[in-house]
Amino acid sequence: MAGQSESELNAGSEANQIEIGELSPEIKNIIAARQEWLDLTTHFEKRGDVYLNIDKTFQQEFKELIDKLGHPPSAHIRLFRTQDNNVPTIVHDSRLKRALFIYPLHLLGGHAEVHSSHPGAPGSISKELCVGSFVAFQDQVVIDGVLDFLLVGVPK
């Protein structure tokens, strides 16, 4: 992706490299137009360290965004929310057979960071997450902050 420094592009261990980038202004505007819906939605169920949106209306609300992101029809798309429990949240693919993408949609605590491994671990980098950015990774990342995000899994 354009605009990435080599350290951001190749952050983390060999097994868990992450890529951090920015979405187009058009896509950022689509996300901005859905902030009220994100404020009002409450249909989340605890799944591991995150909360999964169990009301599938997000697929209708974000259809234009999902289409513009350009992932293949086989992509697995879910809406998640992290909670403020003072413990960073691990986001991973339990099957390890997909390339994963996080798209922050709504920052609930004002500030969030993504880490290539546990914060403070040797070789781990951290980067601030912003609405309109994305994180691509293979294995896992650690999120520190409260936010709503799309998690897209694309079969390898």
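Those strands (runs of 3 or more DSSP E) of region 109-156 in which 1 or more residues are at pLDDT 90 or above and among the β-branched types (V, I, T) occupy 133-137, 140-155. Taking helices (runs of 4 or more DSSP H) as the structural unit, those lying wholly within region 2-90 and holding at least 1 residues that are modelled with pLDDT of 90 or more, touching a Ser or Thr at 6+ places or on another chain (Cβ under 9 Å) and aromatic (F, W, Y) correspond to 35-40, 58-61.
In region 85-128, the residue that is surrounded by the most Cβ atoms within 10 Å (Cβ to Cβ) out of those that are among the small types (G, A, S) and in contact with a strand residue (DSSP E or B) (Cβ under 6 Å, 6 or more places away or on another chain) is S116. Does V131 meet the test of being under 21 Å from Q35 (Cβ atoms) and surrounded by 14 or more Cβ atoms within 10 Å (Cβ to Cβ)? Answer is yes for this residue. The residues in region 128-151 that are under 16 Å from L69 (Cα atoms) and free of Cβ contacts under 8 Å to residues at least 40 places away in the same chain can be counted, and the count is 0.
Here are some residues: T82, T57, T42. Which one is more than 25 Å from K156 (Cβ to Cβ), in contact (Cβ under 8 Å) with a residue 24 or more places away in the chain and of a type in the set (V, I, T)? Answer to the selection: T82.
The values are calculated or read from the model by the stated rules, or taken from the named source; none is laboratory data. All figures in this text were calculated on a predicted structure; none of them were measured in a lab. Cβ: placed from backbone, ideal geometry, glycine included. Neighbour counts: every protein chain shown.
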